[in-house]
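Okay, structure first, notes after.
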Amino acid sequence: MAGVARYRDLGNRLEELKARSGHSYSGIGRKIHLSKSAVHRYCTGLSAPKEFGVVERIALTCGASRDEIVALHRLWLRATAPAGEVAEGAVPETAPVPSEAEPRHAPAEPARFPRRRRRWLVPGIVTAMAGFLAFLLVSSTAGSGPAEDAQAQRIGGPAWKLPPAPVPSTFFGVTINSATGRMPSFHVGAVRFWDGGTRWSEVQRLRGEFDWATLDRLVTGAEEADLPSLFVFGGTPRWASPNGPAGPYPEGTPAPPVDLADWELFVSSVVNRYRGRIDAYELWVLANDRRFFAGTVETLVDMTRRAAAIIRSRDPGATVVCPGMGQLWTPEGVSFLRRFADLNGYDQCDVASVKLFQKSASDPPESMLELTATIDRVMHEAGVHPRLWNTGTTYSIATQAPLDEVTARNHAVRFFLVGLYARKVNLERMYFYNWGGTRVPIVLQPVGGTPTAAALAVEVLQRWLHRAQSRSCGQGTPSGLPENVWRCEFTVIEPERTYDAAVVWADRGAATLTASAGTRRLHRLDGTEEPVQPGDPIAVSEEPVLVVSDPAGR
């Protein structure tokens, strides 16, 4: 523990800055191109980086002041002093800062003086270095330790840039939480059926007996609204697994059926009845959550294989969506996802279903991108890169506090913008959870009620992007933006003209941008717009805005 003790003061100071900033270890790591584990080690005093530049980048990301940086430098010197010298040559708590007239040079690797001479050098080094910490940010020495501690390459540009591609209307989906058959009265592009009376245990309460009334209403309602539908399997009837554990739904169990022939019969019955009417099938609702599926991964892969074969033989035009994978903030959830991929589960499907959500509904929606990075890494390691649909959220969402109207509106719109930002990892569709219900932090529209401000704002975003083709997204300083600002760029193709546009927003707080050449108009979610000229300041907040550029001045 002696090694830990020498790093403790430095770690405590970094941890205080982290807590004050509200950033996570992984969030800090992404911003400064350092691994989550390295940031954790430094902030908890388990080790210290070989270069002070790493400490400084962590501190600046957390909003440290100049005085705090200077204090951190003293702690870093103390933590990294050669063994045996921390007490004997202790660094003073207050070291003089050189005047502006004094020369500033990045320190070189110290010569290997005998121990007795090195002791008196430590305070002198502090005095010479404390005033020019910026130079340390780019300094490097031979043998600087593990690669994760070294300064990463500085790469400028958007997070991704791809050939322009249309934003399909189906991208804007919602999960229908109603058994009435009614559909949203504001514009959406696709619907998903779950928590509205369509579970297996509700449709087939007794062996050999089916009640199609609710599903008939929902399918007919979607057809009349011209909305493609996604049916979700889940909720094994008690008669099919008598000894299965209890789950969230009283009439069923999360256990798989004892005899998979019962599963095949139910899948066949659904597909035969709705052939050509239901557009896609999600083969289990939340497969890596024991509350919803209590079987093994091997059983799930077998169920997936059997169901996919039935759907393809009976309704070849339907899309087969692999079982939904949530709980991806947990090691257990990620492990289940990895095992399903390793067992070639995704070879059976057209699309992978994932559940993207913030840890808390009040967290910025952009935090969901951490999950997309995890999913992409797991898929890459398994050698598969399926299309992705975000089909839900976490079971605990019903227990989370409602958001205020402004935050709810902004978060609902940014939920879909995060999906656009994740185009690079094959994310094609977002289903917001949910439509019709009111026990969720963001309500879009109660059944029989009017759309909320959040729902109407999502409709505005769809109008903005109706004829848009996405071409790039970026965030922060690599994209030439303030650290808290995000931007997705589009080419808009209308019958009589083509022009550029960008949706811009902040994940936290506010910032100011300068309108670039060709900028003409600014559109807001309330439907208002205002003219903008190149060079004008553009205020950016947590409410996304559309910035339109038209070099021709039209």
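Values quoted throughout were computed directly from the atomic coordinates according to the rules given, and no laboratory measurement underlies them. Because the structure is a prediction, the values reported are computed rather than measured. Neighbour counts are summed over all protein chains in view; Cβ atoms, including those assigned to glycine, are modelled from backbone coordinates with ideal geometry.
Stokes-Einstein at 37 °C, 0.692 mPa s, Kirkwood radius from Cα pairs: D for region 175-438 in µm² s⁻¹? Can you show the working numbers first?
Numbers: Rh = 18.6 Å.
Rounded to a whole number, D works out at 176 µm²/s.
Dipole magnitude of the chain about its Cα centre, charges +1 at Lys/Arg Cβ and -1 at Asp/Glu Cβ only, in debye to the nearest 20?
Rounded to the nearest 20 debye, it is 1320 debye.
Relative contact order of the chain: what whole-number percent is it, with Cα pairs under 8 angstrom and at least 6 residues apart?
About 11 percent, as a whole number.
What area, in nm² and to one decimal, does the C-alpha convex hull of the chain cast on average over all directions?
Averaged projected area of the chain's Cα convex hull equals 30.4 nm².
With r as the distance between the Cβ atoms of A510 and N344 and R0 = 56 Å, compute the FRET efficiency 1/(1 + (r/R0)^6) and round to 0.05. Kindly include the intermediate steps, with their values, before the conclusion.
Details: r = 48 Å, r/R0 = 0.86.
Once rounded, the FRET efficiency stands at 0.70.
Put +1 on the Cβ of each Lys and Arg and -1 on the Cβ of each Asp and Glu in the chain; which of A453, G173, C43 then has its Cα farthest toward the positive end of the dipole?
C43
Counting pairs on different chains as well as pairs 8 or more places apart, how many Lys pairs in the chain have Cα atoms under 21 Å apart?
Step by step, the pairs that qualify in the chain add up to 12.
What's the extension gain from K161 to T296 if we count 0.36 nm per residue and subtract their Cα-Cα distance?
44.6 nm
I need the phi-derived Karplus couplings for region 385-401: 6.51 cos²θ - 1.76 cosθ + 1.60, θ = phi - 60°, integer Hz, Gly and Pro marked x.
Values, residue by residue: 9, x, 5, 10, 10, 8, 10, x, 9, 9, 4, 6, 4, 5, 9, 8, 5 Hz.
Based on other C-beta atoms within 10 Å, arrange W435, W76, W505, W212 from fewest to most.
W212, W505, W76, W435
Taking amide hydrogens as modeled 1.01 Å from N in the peptide plane, which residues meet the under 5 Å criterion relative to V540, leaving out close sequence neighbours?
The answer is A511, T512, L513.
Among A502, F490, I69, which residue has its Cα positioned farthest towards the positive end of the charge dipole of the chain, with +1 placed on the Cβ of Lys and Arg, -1 on the Cβ of Asp and Glu, and the dipole taken about the Cα centre?
I69
Provide the FRET efficiency to the nearest 0.05 for the D67-A19 pair, computing r from the beta carbons and using R0 = 25 Å. List each step's numbers first, then the result.
On the way: r = 18 Å, r/R0 = 0.74.
Given R0 = 25 Å and the Cβ-Cβ separation, E is 0.85.
Ranking E332, E51, E459 by Cβ neighbours within 10 Å, fewest first, what do you get? List each step's numbers first, then the result.
Numbers: E332 12, E51 22, E459 19.
The fewest-first ordering by Cβ neighbours comes to E332, E459, E51.
Work out the FRET efficiency for A152 and A517 from their Cβ-Cβ distance, taking R0 = 45 Å, and round it to the nearest 0.05.
Details: r = 32 Å, r/R0 = 0.71.
It comes out at approximately 0.90.
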